[in-house]
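**Q** This structure is in structure tokens; I'll ask about it shortly.
Coordinate-derived values only; no laboratory data. These numbers were taken from a predicted model, which means no experiment stands behind them. Here Cβ is always computed from backbone atoms with ideal geometry, including for glycine, and neighbour counts include all displayed protein chains.
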Amino acid sequence: MVPTPAAHDPRPVAPDRFEALLEAAVDAIVLITREGIITRFSRSAEKLFGYREDEVIGQNVNMLMPPHERAHHDGYLRNYRETGEKKIIGIGREVMARHRDGNTFPIELAVGEFESQDGQGFVGILRDITRRKAQEAQLTQQAEELRLVFSNAPMAFAVTDPEGRVINVNAACCTLFGGVSDDFLQRPISTLMHEEDREDGARALKSLLAVGGSVRRPLRFVDRTGDTIHTQMYAAVGRDNDGTPRMLIVALMDRGPLIRATREAEDLRNRLTHVGRLGTLGEMVSGIAHELGQPLSAIVNYAHASRRMLDNDSISGDELKEVLQKIAAQGERAGQVIRGLRALLRRRDESREALDCSALVREVIQLCEHDIRQAGFELMLDLAPDLPPVHGDAIQIQQVVLNLLRNALDAMREETRDDRIIVTTRAVDRDVLVAVADGGPGIDEQQGDRIGEPFFTTKEEGLGLGLSICHSIVSAHEGSLRFERNSRGGTTFRLRLPRATERSTHE
Amino acid sequence: MNEQAPDLPSATVFIVDDESAVADSIALLLRSVGIQTRVFSSAAAFLEGYQPDQPGCLLLDVRMPRMSGLELQKEITSRGWSLPIIFITGHGDVPMAVEAMRAGATDFLQKPFNDNELIRRVQHALEQDAHDRAEQTQRRSMLEQYGTLTAREREVAWMLHEGLANKAIALDLSLSERTVEQHRAQIMRKMQARSLAALVQMLITIRQTLSANQH
């Protein structure tokens, strides 16, 4: 539609056709003299500017421009007249126009020069590009937004060509790997991967290109200093309209902080367990001293008695044998207490093995049986023989059971509805159950909600860490710890631990 | 004086301890020096099985389930039984031992104890029990003798105790001095007192016993 310079002179050739063109053209057409005076104003120009033709004929065309462009326009015309230098003719450009109501709007303007019997002049063809400009602006804004997201995203992004060569990385990616973007450009992304994961990662990206969709997997990379970066890699493929892969977008989430946090939590749990164990032990020191003192004083008494009876010949060989037997039994009893104590005190990393819960309970009982009897309560054991094994850390599970027993004892000291503590072990479904039932006052619902929270306690001298440690141990063993009111009015704590599977037992 | 010699073989050491091995070994140790023993596994079993006239002493573990040693001591006191108590305590139980001694325990032995120490303390307690029982017997016979005095004789006896001379007593009671003489002779005979000093001593004991019984 853009007329070439010195194009046809329409009117002498076909005036009727030119008139028809002015009437029908979608684009606005304005004819001016070499001085810029409007000579024709098409129907669509009337619509575009809000003037009738008779209102503008004879006026300077710069009335259709915003005031600050008018002077320029006069200058352009003068310059062309004097030098013949074309700034716009035959080129076309985007300029601002002014409506009758004073609003300005963008137009695309093409200008042609003509000569007729009336003299020389210019023809301007004008198209309103308001909508196109708005769309362009929107696209630009969207692109800018995307750029901002890409460059400021906290997650590392890398864009590669279909061959996997890096064509763009964001700041987070530079930070993660330690470098500047130039370090990455044109490098095959697989060379950034950890040696052991490279084959795996490259294959995943390759199949992504072939099949499409997206990929999500943990993958290790190596940073500039050679350190391993643990990431979760998300990748998607970008395609052309015809479906040809154009690029790969790879996002890497650094799992390092998560891994560190998990490790710290684990550490803290181990430390808490130890503190809890020591705390419980602290409370029990007098009990254990007593537990050891009993067999020792019996041994000493038996020995002195035998010596004295031998001195005055008042003991027979059989009687002496019997006393020696008693001494040996008491010695073994003391040894058991010490073994139990030693095992409980030793802090070791989690060592998982196949365990018999009945045996674990029996060992723990030795450490608190005395206190329970001392408080005037009865301890009843209902331990299943031949329990299926559970897989776990013996000391930690014993810690839980010990805590439950101490809780039972404390509850019953507070109020006794029944003087029996009943400990049961059973195989239930896929689990092994250890239940500790007391005859204390029971747990009210309000307290029930808070049980297991760290530092929540109903005991005046308690730290409140016992059950929270129990919970963390139990969940580390993929078990559960629940409580309920029992028929004797007290509380029953039910510890369930999953049976060891074939695999876990043989690990 | 109607004093019995300590009769050790008939005295028994009553051992109350929930720890059967400890009780059994103590019993064997005491038997090795010829002391008779009886073992009870709880305070309740002792209260049921003991007859108050049985001489001896009690060897009692402070810490026991249900009824502790201290509680048993209180029960024994409230029943008016007189039996020396030796408490056996663990080494952390000093405050308990102090409380026991305050409540009238004879002695306490801290674990671990030495066999000689145990035997010595037990023998001492047995001697004390024998002595107490003899004294008690004596006191009882004294009270019986006092019971045989007439009202007038008692009146005269207490005035003698206050140190009044026969003449003063006669004047006070509007009696002849001779009648007072006769009462006095009667009192000395009934109370089996060899001298005025012995009588006064007896009366002091009697007054203490009577006022103690009133409380």
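**Q** Using a cut-off of under 17 Å, list every residue of the range B:148-188 whose amide N is near the label point 7 Å from the Cα of B:Ala198 along the Cα-to-beta-carbon line.
**A** B:161, B:184-188
**Q** Still on this structure, I have one more. Using a basic spin-label model with each label point 7 Å from the Cα along Cα→Cβ, how many nm lie between B:Thr77 and B:Arg207?
**A** If labels sit at B:Thr77 and B:Arg207, their model points lie 2.7 nm apart.
**Q** Take the alpha carbon gyration tensor of the range A:59-174, find the square roots of its eigenvalues, order them as a ≥ b ≥ c, and report rounded if a/c is under 1.5; if not, report prolate when a/b exceeds b/c, else oblate. Write out the running numbers ahead of the final one.
**A** On the way: a/c = 3.72, a/b = 2.58, b/c = 1.44.
Note, shape of the range A:59-174 comes out prolate.
**Q** Based on Cβ point charges of +1 for Lys and Arg and -1 for Asp and Glu, what charge dipole magnitude is obtained for the protein assembly as shown about its Cα centre, in debye rounded to the nearest 20?
**A** Magnitude of the dipole: close to 720 debye.
**Q** Output the relative contact order of the range A:177-268, whole-number percent, from Cα pairs under 8 angstrom with separation of 6+ residues.
**A** Once divided by the residue count of the range A:177-268, the mean separation gives 21 percent.
**Q** For a distance above 51 Å, tell me the whole-number percent of Cα pairs in the protein assembly as shown that qualify.
**A** 57 percent
**Q** To the nearest 20 debye, what is the magnitude of the charge dipole of the range A:10-133 about its Cα centre, counting +1 on the Cβ of each Lys and Arg and -1 on the Cβ of each Asp and Glu?
**A** For this selection, approximately 400 debye.
**Q** Another one. Just want the answer: with Cβ charges of +1 for Lys and Arg and -1 for Asp and Glu, which residue in B:Gln182, B:Phe108, B:Leu60 is farthest toward the dipole's positive end in chain B?
**A** Towards the positive end, the residue furthest out is B:Gln182.
**Q** Pop the C-beta distance of A:Ala354 and A:Leu268 into the FRET formula with R0 = 30 Å and round what comes out to the nearest 0.05.
**A** It comes to 0.65.
**Q** Along Cα→Cβ, 7 Å out, is where each label goes; now give me the distance between the ones at A:Glu136 and B:Glu155 in nm to one decimal.
**A** With each label point 7 Å from Cα toward Cβ, the separation is 14.5 nm.
**Q** Which of B:Thr89, B:Thr12, B:Thr148 ends up with the largest GNM mean-square fluctuation for chain B, with Cα atoms connected below 10 Å?
**A** Among B:Thr89, B:Thr12, B:Thr148, the largest GNM mean-square fluctuation belongs to B:Thr148.
**Q** Specify the longest stretch of chain B that does not include any exposed loop site, a site being one of the GluC sites (Glu not before Pro) with a non-H, G, I, E, B DSSP assignment and at most 15 other Cβ atoms within 10 Å.
**A** The longest uninterrupted stretch comes out as B:4-161.
**Q** In square nanometres, what is one fourth of the surface area of the convex hull spanned by the alpha carbons of the range B:148-214?
**A** For the Cα atoms of the range B:148-214, the hull's average projected area reads 4.4 nm².
**Q** Mind checking which of B:Ala197, A:Leu139, A:Ala375 is farthest towards the positive end of the protein assembly as shown's charge dipole, using Cβ charges of +1 (Lys, Arg) and -1 (Asp, Glu) about the Cα centre?
**A** Working it through, the farthest residue towards the positive pole turns out to be B:Ala197.
**Q** If R0 is 51 Å, what FRET efficiency do you get for A:Ala427 and A:Arg255 from their C-beta distance, rounded to 0.05?
**A** 0.85
**Q** Would you mind getting me the FRET efficiency between A:Asn241 and A:Gln186? Use the beta-carbon distance for r and R0 = 22 Å, nearest 0.05. Please list the in-between numbers first.
**A** Details: r = 26 Å, r/R0 = 1.19.
Between A:Asn241 and A:Gln186 the formula returns 0.25.
**Q** With the Cα gyration tensor of the range B:15-75 giving a ≥ b ≥ c as the square roots of its eigenvalues, does the rule (a/c under 1.5 for rounded; else a/b larger than b/c for prolate; else oblate) give rounded, prolate or oblate?
**A** It is oblate, given that a/c is not under 1.5 and a/b is not larger than b/c.
**Q** Run the simple label-point estimate for A:Ala384 and A:Arg43 please: 7 Å along Cα→C-beta, distance reported in nm.
**A** Result for the modelled spin labels: 9.6 nm.
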